[in-house]
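The values are calculated or read from the model by the stated rules, or taken from the named source; none is laboratory data. Here the structure is a predicted model, which is why all the values come from computation and not from measurement. Methodologically, a virtual Cβ is constructed for each residue, glycine included, from the backbone with ideal geometry; neighbour enumeration extends over all protein chains shown. Note: areas computed on protein heavy atoms with side chains; ligands, DNA, RNA excluded. Shrake-Rupley method; radii C 1.70, N 1.55, O 1.52, S 1.80 Å.
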Amino acid sequence: MSKNRTELNKNLAQMLKGGVIMDVTTPEQAKIAEDAGACAVMALERIPADIRAVGGVSRMSDPTMISEIQKAVSVPVMAKVRIGHTIEARILEAIEIDYIDESEVLTPADDVYHIDKSQFAVPFVCGAKDLGEALRRIQEGASMIRTKGEPGTGDIVQAVRHMRAIMADIRRLSSMSKDELYHAAKLLQVPYELVASVAANGKLPVVNFAAGGVATPADAALMMHLGAEGVFVGSGIFKSGDPQKRAKAIVKAVTNYADYGILAEVSRGLGEAMVGINENEIEIMMAERGK
Amino acid sequence: MRIGILALQGAFIEHKHVLDSLHVESFEIRRLRDIESPFDGLIIPGGESTTMGKLLVELGLLEPLKQKIENGLPVFGTCAGAILLAKDIEGAAQGQGTTFATMDITIQRNAYGRQLGSFFTEEKFNDTVIPMSFIRAPIITKVNNGEVLATVNGDIVAARQGNQLATTFHPELKTDFVHRYFLGMM
C-alpha cells in the first residue's frame, strides 16, 4: 500500500483516541451506542460473552448485517475477521468497512500466519498481550493496537496485565543503549528499526486501545490510567441491566478518567453489571490465540 | 497567550504538540472547572463530532463555550471541530442543540464516504501550498458570511468568519502553518 494510505489509516485511529468503541449486534444497538457517544462501533453477530457460551466455530458476520449497521450510524464501523483469514478481510474491504479487527475472539482460521495487512487499503486493528506481539502486528501492517484482555468475561485482570506488560516494555526500551536494543529486537522477534523507533519515541508507532473485560466506568478509567488511548467495550454494555446508561457513563469516564468526582457520579445507579466469569473459571483462553 | 484545547475526545494532543513547537502555552478542556481562568483562543480538534457534541452537553460545557465564541473568542475547528462550529449541518444525524452552531456555514458530514475515501493532498491555504490530510472528512458546502481560505477540487475545505476559523482537513498532523494563521487572529 502507498505510504499515504498507511499514514491515513493510522490517522483515523488518532481521531478515535479518548473514545469508546462499542460492540453492537443490531442497527438498534448501534444507534444506542452512537447516541451514548461511542466514537465507533464494532459490528458482530454475537458479542464475545455469547460466543463463549455458544461455543463452536465463530466466523466473520454476515455482510448484510454489517451493511445495515453502516446505514444506521454516522460514526466509523468496524468488524471482525478470523486471525489469518485473508478472504474474510477482502470481503469486509469490499463493503468499505472503516476498520477490520483481526480478532482472537473469533475462531482462528490460521494457526501460524496472520493476514499480510500491508496489502490492504482499509486499516486493521489487532490484539496484543505484550510488546513483541504488538510490534509483530504493526510490522504486518496493523495501524492500531488493542490489548487482548479476555473477551466476554467482564474480568479486567487480563487487559490490565497486557497493558502493563506493553507499557513496562516500552519504558524499558526507552532506557536502553543501542547494543542493548539490538538484543531486545532479537528477543521481541521484531525488526531493529521498529524497536529503535519505540525506544526513541517512548510509545508505539500506532494508537493503543484497551480491550477485553471492561465492564464498568471504573474499569475503563483504570485502563486509561495505565496508558490506554481509548477503550473497546464488548459484552460489558449490552449484557448489562441498563445498556444506555452504562454506555454513557463509560464514555464520560474515559474523557474524565482522572476526575474522581465525575467518576463517582457516573458510577452511581448503573443497574446490574454483566455477571462475568473470572479467568480461572473459563476453558477457552482467547488471548492465547495468535502470537 | 493561552490557548484552550477541547480534549473530550479525538486528536487533541496533536494540536498541543503543534502549539508546543510554536512555544505557545495551552491547556486541555475536559470539564467546566477547566475554563474558569481566562484564555485567549480555543481549538476544537478532530474526532467524532457526535461524541464531542454529547459530551459538551453532558459536561455542561456547550453553553459557556458558545457564549465565549459569540463574544469574540478566537476559535479554530478542524474536521469534527468544523462540524461543531457550523450553523447548518446537511442531512441527518447530528442532534440539534449538541453543537455550537456559531459559524454561518453549511457543512456536509462524511462527504467523501468511508475510510477508503480518506486522502492526502497539497493545496493552497490562503495562497500558500500546505499538506492536507482528509480523514472521513466533511465538506463546507456554503459560506454565507465570511471568507473562503482553501478549496480542493472546487470544494471548500477552509473558511473564516471573523473570530472563527474552520478547516475540514487536519493541519495538526503535518504542518504548523494554519496554527500560525490562527494565532495571527488574536
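Is it true that some residue in region A:108-129 is assigned to a loop (DSSP other than H, G, I, E, B), in contact with a strand residue (DSSP E or B) (Cβ under 6 Å, 6 or more places away or on another chain), small (Gly, Ala, Ser) and open to solvent by less than 10 Å² (accessible area, probe 1.4 Å)? For region A:108-129, residues assigned to a loop (DSSP other than H, G, I, E, B), in contact with a strand residue (DSSP E or B) (Cβ under 6 Å, 6 or more places away or on another chain), small (Gly, Ala, Ser) and open to solvent by less than 10 Å² (accessible area, probe 1.4 Å): absent. Within region A:1-35, the residues that satisfy the criterion of being facing chain B (nearest Cβ under 10 Å) and acidic (Asp, Glu) are A:GLU7, A:GLU34, A:ASP35. Does any residue of region A:143-165 turn out to be over 27 Å from A:MET22 (Cβ atoms) and open to solvent by 10 Å² or more (accessible area, probe 1.4 Å)? There is no residue in region A:143-165 that is over 27 Å from A:MET22 (Cβ atoms) and open to solvent by 10 Å² or more (accessible area, probe 1.4 Å).
Within region B:1-59, take every residue that is open to solvent by 30 Å² or more (accessible area, probe 1.4 Å), in a helix (DSSP H, G or I) and of a type outside the set (A, V, I, L, M) and give me the one that is nearest to the other protein chains (Cβ to nearest Cβ). In this case the residue turns out to be B:LYS54. Among the residues of region B:167-182, none qualifies, meaning not one is modelled with pLDDT of 95 or more, surrounded by fewer than 18 Cβ atoms within 10 Å (Cβ to Cβ), touching a Ser or Thr at 6+ places or on another chain (Cβ under 9 Å) and in a strand (DSSP E or B). The helices (runs of 4 or more DSSP H) falling completely within region A:35-104 that include 3 or more residues that are at pLDDT 95 or above and more than 26 Å from B:THR50 (Cβ to Cβ) map to A:86-94.
For region A:26-49, how many residues are open to solvent by less than 50 Å² (accessible area, probe 1.4 Å) and charged (D, E, K, R)? Adding up the residues that qualify gives 1. Inside region B:126-145, residues that are touching a helix residue (DSSP H, G or I) at 6+ places or on another chain (Cβ under 9 Å) and open to solvent by 40 Å² or more (accessible area, probe 1.4 Å) make up a count of 2. Taking (1) open to solvent by less than 10 Å² (accessible area, probe 1.4 Å); (2) touching a strand residue (DSSP E or B) at 6+ places or on another chain (Cβ under 7 Å) in turn, B:GLU123 satisfies each apart from (1). Screening the candidates B:SER49, B:SER21 for the property of being more than 17 Å from B:LEU73 (Cβ to Cβ), of a type in the set (S, T, N, Q), at pLDDT 95 or above and under 14 Å from the mean Cα position of the chain (by Cα) yields one hit, B:SER49. Please specify each residue of region B:102-128 satisfying the condition of being free of Cβ contacts under 8 Å to residues at least 24 places away in the same chain and in contact with an Asp or Glu (Cβ under 9 Å, 6 or more places away or on another chain). Passing the criteria: B:GLY113, B:ARG114, B:GLN115, B:LEU116, B:GLY117, B:PHE120. Of A:VAL112, A:VAL122, A:VAL81, all but one fail to be touching a Ser or Thr at 6+ places or on another chain (Cβ under 8 Å) and on the phi < 0 side of the Ramachandran plot; the exception is A:VAL81.
Suppose the filter is farther than 27 Å from A:GLU281 by Cβ and either of a type outside the set (Lys, Arg) or open to solvent by 10 Å² or more (accessible area, probe 1.4 Å) (or both); does A:LYS17 pass it?
Spelling it out, A:LYS17 is indeed farther than 27 Å from A:GLU281 by Cβ and either of a type outside the set (Lys, Arg) or open to solvent by 10 Å² or more (accessible area, probe 1.4 Å) (or both).
Of all residues in region B:101-120 being hydrophobic (A, V, I, L, M, F, W, C) and either facing chain A (nearest Cβ under 7 Å) or closer than 22 Å to A:ILE100 by Cα (or both), which is least open to solvent (accessible area, probe 1.4 Å)? Ranking the candidates gives B:ALA111 first.
Could you please let me know if A:ALA258 is part of a helix (DSSP H, G or I) and within 14 Å of chain B (Cβ to nearest Cβ)? Considered against the rule, which asks whether it is part of a helix (DSSP H, G or I) and within 14 Å of chain B (Cβ to nearest Cβ), A:ALA258 comes out as no. If only residues of region B:71-100 that are of a type in the set (Gly, Ala, Ser) and buried (at least 18 other Cβ atoms within 10 Å of the Cβ) are counted, the one that is nearest to the other protein chains (Cβ to nearest Cβ) is B:ALA80.
Listed by first and then second residue, the pairs with beta-carbon distance under 7 Å, at least 6 apart or on different chains, first residue in region B:149-164 and of a type in the set (S, T, N, Q), second in a strand (DSSP E or B) and open to solvent by 10 Å² or more (accessible area, probe 1.4 Å), are B:GLN161/B:ASP104.
Let's see how each residue does on (1) surrounded by 19 or more Cβ atoms within 10 Å (Cβ to Cβ); (2) assigned to a loop (DSSP other than H, G, I, E, B):
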position: A:TYR182; (1), (2): no, no
position: A:GLU193; (1), (2): no, no
position: A:ALA196; (1), (2): no, no
position: A:LYS203; (1), (2): no, yes
position: A:ALA215; (1), (2): yes, yes
position: A:ASP219; (1), (2): yes, no
position: A:LEU222; (1), (2): yes, no
position: A:ALA228; (1), (2): yes, yes
position: A:ILE237; (1), (2): yes, no
